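Visitor: Let me give you the structure first, and then I'll get to my questions.
Here, each number is a calculation from the coordinates, and none is a lab measurement. Only a predicted model underlies this, so the values are computations on that prediction, with no experimental measurement involved. In this analysis, Cβ positions are derived from the backbone assuming ideal geometry, glycine residues included, and neighbour counts consider all displayed protein chains.
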Amino acid sequence: MPRYFIHMAYNGSRYNGYQIQPDAPSVQETVEKCLSLKLGQTVSITGCGRTDTGVHARNYYAHFDFEKEIQDTQRLVHQMNAFLPMDIAIFRIWQVAPEFHARFDAVSRTYHYYITRTKNPFHTADAYFLYGDLNVEKMQETANLLFEYEDFTSFSKVHTQVKTNNCKIMEARWFEQDGLLVFRIKADRFLRNMVRAIVGTLLEVGKGRMSQEEFRAVIERKDRCEAGTSVPAHALFLEEVEYKLALRQAQGP
């Protein structure tokens with residue numbers, strides 16, 4: 001059966017995350033309904049991962065199987081964009097090999113968390129307004145400790161249905177971009193609420209309320225209660241998803 005990949009983006013403000021939830025709007029349900037309508041039969045899509053309630057995605061990938069070959073995928077893209085709400089956009093749909101998997105063939109995901117240090121009416125929906133001094137250099141030094149660990153139970157939402165809380169972090173850095181303070185983190189996988197909990201705890205370091213050694217102790221205790229408060233979801237974006245070389249080649253130009 002032919003398999004197709006979808007490249008899309010969404011503003012998560014109105015949704016209870018990507019994954020279908022009972023009695024709550026989700027990105028997956030919205031896209032599936034649109035795709036099923038345009039293809040004339042029920043279609044299920046598999047995403048590259050789940051994003052929490054209110055979190056956005058600049059680049060998100062999903063796949064679906066369809067019993068027929070779609071002759072004009074670009075036309076399908078135009079039809080879906082005309083039907084979907086303005087907070088979801090489809091960039092591309094293309095056929096891939098049947099074994100390619102949107103979730104399991106992804107080798108990394110990258111998130112950005114955006115912070116504004118000054119009150120700005122144009123960043124109320126996409127950045128976290130934080131007043132007060134921050135020691136960003138100390139926050140970066142502390143973020144470097146993340147590379148020494150794999151078990152991030154302390155930064156995970158409790159009672160989640162996952163087999164392991166181990167993640168391999170490949171990048172964790174603070175930088176300035178267009179007047180915003182940005183935290184960029186890249187890993188092979190993320191736990192629920194993980195990025196927001198890490199950022200919230202690093203901000204405690206930046207405010208002088210937690211030392212680097214205390215941050216290390218938070219990780220080693222593997223207790224969510226030891227970490228800082230999770231920062232708001234509206235400032236978190238899934239920025240990039242990387243796939244195996246074979247999949248990138250299959251995408252074509």
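Visitor: Which value, to two decimals, describes the C-alpha radius of gyration of the stretch 49-126 once divided by 2.2 N^0.38 Å?
Guide: Compactness ratio reported: 1.44.
Visitor: Still on this structure, please answer the following. What number results when the radius of gyration of the stretch 111-239, computed over Cα atoms, is divided by 2.2 N^0.38 Å?
Guide: Details: Rg = 13.9 Å, N = 129, 2.2 N^0.38 = 13.9 Å.
Here the answer is 1.00, to two decimals.
Visitor: Setting aside same-chain residues fewer than 8 positions from LYS186, which aspartates and glutamates have a Cα under 14 Å from its Cα?
Guide: GLU150, GLU171, GLU239, GLU240, GLU242
Visitor: With charges only on Cβ, +1 for K and R and -1 for D and E, what is the dipole size of the chain about its Cα centre, in debye, rounded to 20? Before the final figure, lay out each step's value.
Guide: On the way: 31 positive and 31 negative charges, 58 e Å.
Dipole size: approximately 280 debye.
Visitor: Show me, bin by bin at 10 Å from 0, the whole-percent P(r) of the chain based on Cα pairs.
Guide: Reading the bins upward from 0: 7, 29, 32, 21, 9, 2.
Visitor: Sticking with this one: Based only on other Cβ atoms within 10 Å, what is the fewest-to-most ordering of SER26, SER154, SER108? Write out the running numbers ahead of the final one.
Guide: On the way: SER26 21, SER154 24, SER108 16.
Placing the least packed residue first, the sequence is SER108, SER26, SER154.
Visitor: Please sort 93-101, 36-44 by packing, taking for each peptide the average over its residues of neighbouring beta carbons within 10 angstrom, highest first. If you can, show how the numbers build up before the last one.
Guide: Details: 93-101: 15.7, 36-44: 13.3.
Descending mean neighbour count gives 93-101, 36-44.
Visitor: Expressed as an acute angle from 0 to 90° and rounded to the nearest 10, what is the orientation of the C-alpha long axis of helix 194-206 relative to the principal long axis of the chain?
Guide: Once rounded, the angle reads 20 degrees.
Visitor: To the nearest 0.05, what FRET efficiency results for ASN166 and VAL136 with a Förster distance of 25 Å applied to their C-beta separation?
Guide: Details: r = 28 Å, r/R0 = 1.13.
So, using R0 = 25 Å, E works out to roughly 0.30.
Visitor: Fewest Cβ neighbours within 10 Å first, please rank ASP126, ASP223 accordingly.
Guide: Numbers: ASP126 16, ASP223 12.
Fewest-to-most ranking of ASP126, ASP223: ASP223, ASP126.
Visitor: Rounded to the nearest 500, what is the chain's calculated 222 nm mean residue ellipticity when only DSSP H runs of at least 4 contribute -39500 (n - 2.57) each, over all residues? Mind showing how you got there, number by number?
Guide: Working: 6 runs with 62 residues, N = 253.
Value at 222 nm, helices only, nearest 500: -7500 deg cm²/dmol.
Visitor: Another question, if that's okay. Which of the three applies to the stretch 3-104, rounded, prolate or oblate, going by the alpha-carbon gyration tensor with a ≥ b ≥ c and a/c under 1.5 meaning rounded? Provide the component values of the computation, followed by the final result.
Guide: Details: a/c = 1.66, a/b = 1.40, b/c = 1.18.
Prolate, because a/c is 1.5 or more and a/b exceeds b/c.
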